[in-house]
Amino acid sequence: MNGKYKNLTYIYFGMNIIIFACMALVYYFYNIPNLVIYCGITFLLMCLNLIFHKKIPEIITLLFLLVNLDLYALFFSFTTGASAGIELYPLVLTGVCYLLTYDIEKPKYFCFGFASFSFVICLYISLFYNRIPFQNLEYSAEFYHKHDVWTTIIVIFCFMFLSICYEKVLKYKNESEKRRREELIHIANHDPLTHLINRRRLWEHLRSCEEQKNQIGTNYAISIFDIDSFKKVNDTYGHDCGDFILVEISKLIKENLPKNVKIGRWGGEEFLLLFRAYSDEKAIEEVEKLRKMIDETIFDFLGTKIHITLTFGVSSSSYCDSAEHIIIDADKQLMKGKIQGKNRVVARSLQKSLSENDTLFDSIIDTNHKE
């Protein structure tokens with residue numbers, strides 16, 4: 001329970017201690033020893049509850065509240081033969097409704113059964129047991145007036161306490177549901193290994209960039225890259241090492257990217273960089289920095305030093321008319337880089353003229369795509 005609720009709970013118990021102490025004095029003044037004893041016992045229990053509040057489960061506190069109200073209503077009705085005790089039952093039933101929200105079976109049924117049983121008894125007394133055993137109370141309107149005042153005060157503070165508790169339960173449930181929704185959204189949009197956004201989420205960003213381009217003409221660029229000879233890493237050092245490399249590369253690149261650049265796992269050892277509102281040349285500069293950084297990094301997996309390189313294919317909306325075509329073109333540039341020797345950045349804008357080798361590369365890549 002946070003500080004706000006804890007302080008209000010202290011106020012509630014403190015005020016009830018004062019109330020029951022005053023009630024004991026009133027009943028003592030009117031010579032009703034049974035109620036003096038009852039209020040005295042309740043006073044002591046309230047003091048103990050206040051002192052050990054941090055160690056007492058909240059459900060026990062609420063059970064004490066409900067049982068105390070029931071017993072007080074019954075005890076007052078039996079002692080005086082009057083019907084004033086039944087006035088507390090709307091509050092008792094409110095407490096039952098609140099306690100039914102707890103996922104605890106035994107206290108739930110106990111509260112409902114106890115309140116129902118005591119309600120029937122008190123109703124019977126009110127309807128059929130009107131004789132007043134204490135003759136000095138027979139014409140004491142003052143006594144019943146004071147009793148009504150104390151009962152009203154108890155009702156006010158009990159409602160306050162129940163409202164605070166119920167507010168806390170609702171707040172906790174809402175926060176739990178919100179966290180659960182956020183977790184589900186995160187799972188749906190992120191890769192479980194690298195925690196980068198996944199292919200689905202990347203497509204949403206790509207379509208957003210495409211809409212922006214169509215509306216205001218802002219170009220964007222992408223780069224698809226993968227880890228060179230990644231199968232060899234898995235075969236040599238095992239899949240745990242492969243996962244380690246994927247995670248470490250993801251962290252390094254994400255930490256060194258400008259804030260407006262998105263990175264996500266495209267599939268397997270392939271990743272995609274999305275440069276919103278970037279020219280082709282500026283995207284190539286950023287990609288080249290990343291390539292050099294990874295090339296100069298030595299990864300340590302359980303004492304084994306591993307050197308990793310990346311090959312990047314870059315394309316942009318300056319050359320392609322849709323996000324799908326940009327993806328195909330970037331993938332084609334990536335495959336060219338693989339054929340040319342890996343550990344490089346390849347983009348259409350970097351090719352000054354189309355040589356015979358480039359034509360051969362395009363032919364090989366197109367054949368692979370068709371297959």
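The values are calculated or read from the model by the stated rules, or taken from the named source; none is laboratory data. The shown structure was predicted, so the numbers you read here are calculated from the model rather than taken from an experiment. What goes into the accessible areas is simple: the full protein's heavy atoms, side chains included, and nothing from ligands, DNA or RNA. Shrake-Rupley method; radii C 1.70, N 1.55, O 1.52, S 1.80 Å.
At the residue level, Y172 shows approximately 140 square angstrom of accessible surface with a 1.4 angstrom probe and all protein chains present.
The listed residues E175, E286, E255 rank as E255, E175, E286 when sorted by accessible area, largest first, using a 1.4 Å probe.
Note on surface exposure: S223, S349 rank S349, S223 by accessible area, highest first, 1.4 Å probe.
Pairs from the table (K231/K292; K259/K342; K289/K342; K231/K251; K251/K289; K178/K251) lying more than 19 angstrom apart at Cα are K231/K292; K259/K342; K231/K251; K178/K251. Treating each Cα of segment 163-228 as an identical point scatterer and ignoring solvent, apply the Debye formula and state log10 I(q)/I(0) at q = 0.18 Å⁻¹. For segment 163-228, the Cα-only Debye profile gives -0.82. Ordered from highest to lowest accessible area with the whole protein assembly present and a 1.4 Å probe, L48, L246, L302 read as L302, L48, L246.
For segment 234-334, the calculated P(r) over all alpha carbon pairs, in 5 Å bins from 0 to the bin holding the longest distance, is 2, 11, 22, 24, 18, 11, 7, 4, 1, 0 percent.
Note on D329: accessible area is roughly 10 Å² with a 1.4 Å probe, heavy atoms of protein only. Within the full protein context, the accessible area of R276 is estimated at about 70 Å² for a probe radius of 1.4 Å.
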